[in-house]
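Participant: Quick one: structure below, then a few questions.
The values are calculated or read from the model by the stated rules, or taken from the named source; none is laboratory data. Computed from a predicted model, the values in this text were never measured in an experiment. Note that each Cβ is placed from the backbone with ideal geometry, even for glycine, and that neighbours are counted across all protein chains shown. The accessibility values were calculated without ligands, DNA or RNA, using every heavy atom of the protein model including side chains. Shrake-Rupley method; radii C 1.70, N 1.55, O 1.52, S 1.80 Å.
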Amino acid sequence: MQTDSSFTFVLFGGTGDLSMRKILPALFEAHRAGGMLADSGKIVAVARHATDRGEYIQWVNEHVKPHVSKNGVDEAAWASFLERIEFVNIDLGKAEDFVHLRDAIQDLPGIRVFYLATGPSLFVPICHALASVGLNANSRIVLEKPLGYDLKSSNAINDAVGEIFAEEQIYRIDHYLGKEPVQNLLALRFGNALFEPLWRREWVESIQITIAEELGVEARGDFYDNTGALRDMVQNHLLQLLSIVAMEPPHSMDSDSVRDEKLRVLRALKPIDPRDIGKVAVRGQYHSGVIRGTAVPAYATEPGVKPESATETFVALKVEIENWRWAGVPFFLRTGKRLADRVAEIVVNFRAVPHSALGASALRAGANRLVIRLQPNETIRLYCLAKQPGEGMNLASVHLDLAFDQFFREGQMEAYQRLLLDVINGRLALFVRRDEQEAAWRWVEPILNEWKASNKPPKPYASGTWGPAASSAMLAQHGTCWLEEEN
Ligand code: BG6
């Protein structure tokens, strides 16, 4: 990818965790690869925990360098990357300080990108302050999740930001959309004639989407305890994946064609009836347990978490889409922390053949299944039935594997790198539009409300397992079970 679009990338929260682990390493990778970032492009870090550029560069050397290039840092590239970095020390709470920012960047070339890697409470004040010094023109703004706590608070942020920036200037990040395999899902669905005719209720029995993590809440106990898995993972990542799996073919890959189709799915989600919540939603909270031989503590004892916390660290849902393509097909979603494995995958369970001429072994061997694994290893696996060698007609399930790292040995890109390049180059397709976000909040809110009103605690599960038993029981009601494959 070659670019000549110059840019000034202003990074608010320049010494924050996200800048350290994701944003600056992603910019470095783009720089190192060559040809992706215009030579004149600058990164302007805004932070309070450093006094001047020298101190900031020292911080970058100490904290960011360990997060770049697992196979060793290219020192020459690192040195030239540091030359791109400028630094401005301002108090984000003081609008008058933004004059210094304007003075620092007004003569820098290219499009301005303001990346708000700060808490959401600062989004609106920062936007106002940018507007007060005229920096909202010829610019793009990137908002990190969480964008609000519910529909009302997310609308309040979107309204306020929307008064200052037009929708096409606003890039709402959902880093799952930047993952290579999610792109590949679009390629699989819309680049191959093979799957699309089968991608509907006549041939699909059920679909599962899992994002499982081994990690607990780490150092984010405080934030997480006020958030929970439904807001942290379902409202955004899982519903975005669902909308890509289920959407109609867009007429092109331009940003609004794709986002219009995703929106249609989100709007077609069957609203959850509070009376059915026990049947279609399971929430859990991790207790102590063992993961890969190491004992790990209970959620309620994690730093920053209230001992009596009723916050969910696991969610499983049965979702239905009310349209012709998907009527009656259950979509099972689940996500959780401290589960048995780190895996993100989409499983499409196809229906069995309408008539089995091949006898009982064909029935026992099951049906076709497509497993699209997003992480840890990107693979697509298609399960088929084949005859076992030897006498008689005995069928077994076998699989065709597509391991992307074996086909494409180069060119892999981390989600943040792709998304940041998209912002700099003005490509909106992988960013969440306001109406999508609203539709997602509208759908999850009754679940949040019902859980709050019911006063029931989440179901416990031992760390290192696949969540509460009720999650498997929910699928059993539909004659299916979660796919459990070895990594
Ligand atoms: C973030 C959530 O959006 O996604 C985290 O806030 C979660 O809680 C993370 O751990 C998972 O992302 P990934 O890319 O590691 O699967």
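Participant: What does the accessible area of Asp103 come to, in Å² to the nearest 10, when a probe of 1.4 Å is used?
Facilitator: 80 Å²
Participant: May I pose another question? Over segment 87-169, what relative contact order in percent results from Cα pairs under 8 Å that are six or more residues apart? Working shown, then result.
Facilitator: Numbers: 81 pairs, mean separation 25.2, N = 83.
Across segment 87-169, relative contact order equals 30 percent.
Participant: A further question follows. Trypsin sites (Lys or Arg not before Pro) within segment 377-453: which are DSSP loop residues with at most 15 other Cβ atoms inside 10 Å? Don't jump to the answer; show the numbers that get you there.
Facilitator: On the way: sites: Arg381, Lys387, Arg409, Arg418, Arg427, Arg433, Arg434, Arg442, Lys452; in loops: Arg409, Arg427, Arg433.
For trypsin sites (Lys or Arg not before Pro) across segment 377-453 that sit outside H, G, I, E and B with at most 15 neighbouring Cβ atoms in 10 Å, the list reads Arg409.
Participant: Here's something else I'd like to know. List the trypsin sites (Lys or Arg not before Pro) within segment 137-178 that DSSP assigns to loop and that have no more than 16 neighbouring Cβ atoms inside 10 Å.
Facilitator: Values: sites: Arg140, Lys152, Arg172; in loops: none.
Passing sites in segment 137-178 do not exist.
Participant: Another question, then. Order Cys127, Cys384, Cys481 by their accessible area, 1.4 angstrom probe, all chains in place, largest first.
Facilitator: Details: Cys127 0, Cys384 35, Cys481 85 Å².
Reading off the accessible areas and sorting them downward yields Cys481, Cys384, Cys127.
Participant: Shifting gears a bit: Going by a ≥ b ≥ c, the root eigenvalues of the Cα gyration tensor, does segment 1-81 fall in the rounded group (a/c under 1.5), the prolate group (a/b larger than b/c) or the oblate group?
Facilitator: Working: a/c = 1.85, a/b = 1.26, b/c = 1.46.
Cα axes put segment 1-81 in the oblate bin.
Participant: Run through the DSSP bridge list for the chain and note the antiparallel percent, rounded to the nearest 5. Could you put the intermediate results ahead of the total?
Facilitator: Details: 42 of 77 bridges.
Of the beta bridges lying entirely in the chain, close to 55 percent run antiparallel.
Participant: Here is a follow-up. Per residue Cα convex hull volume for segment 121-244, in cubic angstrom? Walk me through the numbers before you get to the answer.
Facilitator: Details: hull volume 20.0 nm³, N = 124.
Hull volume normalised by residue count: 161 Å³.
Participant: Within 10 Å of each candidate Cβ there may be at most 16 other Cβ atoms; applying that plus a DSSP loop requirement, which trypsin sites (Lys or Arg not before Pro) in segment 244-333 survive?
Facilitator: Working: sites: Arg259, Lys262, Arg264, Arg267, Arg275, Lys279, Arg283, Arg292, Lys318, Arg325; in loops: Arg292, Arg325.
Here the sparse-neighbourhood loop sites are Arg292, Arg325.
Participant: Quick one: grab the alpha carbon gyration tensor of segment 1-154, order the square roots of its eigenvalues as a ≥ b ≥ c, and give me rounded if a/c is under 1.5, else prolate or oblate depending on whether a/b is larger than b/c.
Facilitator: Numbers: a/c = 1.56, a/b = 1.42, b/c = 1.10.
Judged from the Cα gyration tensor, segment 1-154 comes out prolate (a/c at least 1.5, a/b above b/c).
Participant: Follow-up. Indicate the gyration tensor shape class of segment 121-182 (rounded, prolate or oblate), computed on the Cα atoms with a ≥ b ≥ c the square roots of the eigenvalues: a/c under 1.5 is rounded; otherwise a/b larger than b/c is prolate and the rest oblate.
Facilitator: On the way: a/c = 2.42, a/b = 1.38, b/c = 1.75.
Since a/c reaches 1.5 but b/c is at least a/b, the shape of segment 121-182 is classed as oblate.
Participant: With the dipole of segment 305-374 worked out from charges on the C-beta (+1 for Lys and Arg, -1 for Asp and Glu) around the Cα centre, which of Leu370, Phe331, Pro354 lies farthest toward the positive end?
Facilitator: Leu370
Participant: What accessible area, in Å² to the nearest ten, does a 1.4 Å probe give for Thr379?
Facilitator: 30 Å²
Participant: Using helices alone, I'd like the mean residue ellipticity at 222 nm for the chain: each DSSP H run of four-plus residues gives -39500 (n - 2.57), total over residue count, nearest 500.
Facilitator: Working: 16 runs with 152 residues, N = 487.
So the calculated ellipticity at 222 nm is -9000 deg cm²/dmol.
Participant: In percent, how large is the relative contact order of segment 252-356, given Cα pairs closer than 8 Å and 6 or more residues apart?
Facilitator: Values: 104 pairs, mean separation 24.0, N = 105.
It comes to 23 percent, rounded to a whole number.
Participant: Evaluate the relative contact order of the chain (contact order divided by residue number), counting alpha-carbon pairs under 8 angstrom at least 6 apart; express in whole percent.
Facilitator: Details: 857 pairs, mean separation 83.9, N = 487.
Relative contact order for the chain comes out at 17 percent.
Participant: Relative to the Cα centre, what is the charge dipole magnitude of the chain, using +1 at the beta carbon of each Lys and Arg, -1 at the beta carbon of each Asp and Glu, and rounding to the nearest 20 debye? Before the final figure, lay out each step's value.
Facilitator: Values: 53 positive and 62 negative charges, 277 e Å.
It comes to approximately 1320 debye.
Participant: What order do Leu18, Leu215 take when sorted by accessible area (1.4 Å probe), most exposed first? Don't jump to the answer; show the numbers that get you there.
Facilitator: Details: Leu18 50, Leu215 95 Å².
My answer, sorted largest first, is Leu215, Leu18.
Participant: Working with all protein chains in place, sort Thr294, Thr313, Thr118 by solvent-accessible area computed with a 1.4 Å probe, largest first. Please list the in-between numbers first.
Facilitator: Working: Thr294 80, Thr313 0, Thr118 25 Å².
Largest to smallest exposure gives the sequence Thr294, Thr118, Thr313.
Participant: Please report the accessible area of Glu322 (heavy atoms, 1.4 Å probe, ligands and nucleic acids excluded) in Å², nearest 10.
Facilitator: Rounded to the nearest 10, that gives 110 Å².
Participant: Per residue of segment 86-96, in order, report the coupling 6.51 cos²θ - 1.76 cosθ + 1.60 (Karplus, θ = phi - 60°) as ³J(HN,Hα) in whole Hz, putting x for Gly and Pro.
Facilitator: Each residue of segment 86-96 in turn: 10, 9, 10, 9, 9, 8, 4, x, 10, 4, 5 Hz.
Participant: Above 40 angstrom, tally the Cα pairs of the chain and express them as a % of all pairs, no decimals. Spell out each step's value before the answer.
Facilitator: Values: 29350 of 118341 pairs.
When every Cα pair of the chain is considered, 25 percent fall beyond 40 Å.
Participant: Where the only charges are on Cβ atoms (+1 Lys, Arg; -1 Asp, Glu), what is the dipole of segment 1-102 about its Cα centre, to the nearest 20 debye? Display every interim value, and only then the final one.
Facilitator: Details: 11 positive and 14 negative charges, 49 e Å.
Computed about the Cα centre, the dipole is about 240 debye.
Participant: Taking the dipole about the Cα centre of segment 204-334, with the C-beta of Lys and Arg at +1 and of Asp and Glu at -1, give me whichever of Ile277, Phe314, His237 is farthest to the positive side.
Facilitator: After comparing all options, I get Ile277.
Participant: A follow-up question, please. Have a look at Thr301, His287, Pro197 and report the one farthest towards the positive end of the charge dipole of segment 173-313, computed about the Cα centre with Cβ charges (Lys/Arg +1, Asp/Glu -1).
Facilitator: Pro197
Participant: Using the Karplus curve 6.51 cos²θ - 1.76 cosθ + 1.60 with θ = phi - 60°, work out ³J(HN,Hα) for each residue of segment 366-376 in order, rounded to whole Hz, and write x for Gly and Pro.
Facilitator: Values, residue by residue: x, 10, 5, 8, 10, 10, 9, 9, 8, 7, x Hz.
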